[in-house]
Amino acid sequence: QVQLVESGGGLVQPGGSLRLSCAASRSISSPNAMGWYRQAPGKERELVAVITNNGSTNYADSVKGRFTISRDNAKNTVYLQMNSLKPEDTAVYYCNARPHYYAISYWGKGTLVTVSS
């Protein structure tokens with residue numbers, strides 16, 4: 001049983017920055033991956049960025065160069081630094097954690113990011 005709690009969402013102007021945080025209630029069995037997905041109104045949920053326990057990362061093409069994912073294993077926390085935000089980044093952002101050896105996936109409740117002038 002793992003709970004994920006996101007924080008850091010809000011309203012920001014185009015070109016601005018936000019940092020999202022996701023804290024797990026306990027450590028995730030290793031090896032594992034933690035990441036961020038987002039879902040905009042009327043669109044399917046998509047992967048934004050993912051990071052493994054050993055630091056390997058992957059990003060959606062749309063956010064490369066603007067977003068940076070990181071994690072603090074000691075704190076069971078994953079972060080998403082979002083810079084140069086665009087209106088099309090507006091979405092509910094969901095934290096995800098997946099242990100490799102279990103057919104399960106943990107999800108946070110989501111945090112809303114709105115990029116608007």
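The values are calculated or read from the model by the stated rules, or taken from the named source; none is laboratory data. Given the structure is predicted, the values throughout are model-derived calculations rather than measurements. Cβ coordinates were reconstructed from backbone atoms using ideal geometry, including for glycine residues, and neighbour counts include every protein chain displayed. For the accessible areas, the whole protein counts, side chains as well, though only heavy atoms, and no ligand, DNA or RNA atoms are used. Shrake-Rupley method; radii C 1.70, N 1.55, O 1.52, S 1.80 Å.
Which FRET efficiency value, to the nearest 0.05, do you get for Arg66 and Ala103 by plugging their Cβ-Cβ distance into 1/(1 + (r/R0)^6) with R0 = 30 Å?
The calculated FRET efficiency here is 0.35.
Please identify every one of the trypsin sites (Lys or Arg not before Pro) in segment 1-69 that sits in a loop by DSSP and has no more than 15 other beta carbons within 10 Å of its own beta carbon.
Taking segment 1-69 and a limit of 15 other Cβ atoms within 10 Å, the loop trypsin sites (Lys or Arg not before Pro) found are Arg26, Lys43, Arg45, Lys64, Arg66.
Remind me, relative contact order of the chain in percent, using alpha carbon pairs under 8 angstrom and six or more residues apart?
Computed over the chain, the figure is 37 percent.
Just how many pairs of Lys in the chain have C-alpha atoms closer than 24 Å, counting pairs that are eight or more places apart or on different chains?
Here the count comes out as 6.
For the chain, what is one quarter of the convex hull surface built on the Cα atoms, given in nm²?
Average projection, Cα convex hull of the chain: 6.8 nm².
Keeping the other protein chains in place, figure out the carbon and sulfur percent of the accessible area of the chain, with a 1.4 Å probe.
Of the solvent-accessible surface of the chain, carbon and sulfur hold 46 percent.
Given a 1.4 Å probe, how much area per residue of the chain is accessible, in Å²?
Using a 1.4 Å probe on heavy atoms only, each residue of the chain averages 56 Å².
In segment 1-102, what GluC sites (Glu not before Pro) fall in a loop by DSSP, with at most 12 other Cβ atoms inside 10 Å?
Qualifying residues, ordered by number: Glu44.
Test of understanding: what is the full-extension gain from Ser7 to Lys43, defined as 0.36 nm times their sequence separation minus their Cα-Cα distance?
Result: 10.7 nm gained on full extension.
Which chymotrypsin sites (Phe, Trp or Tyr not before Pro) in segment 1-101 sit in a loop by DSSP (not H, G, I, E or B) and have at most 15 other Cβ atoms within 10 Å of their own Cβ?
Tyr101
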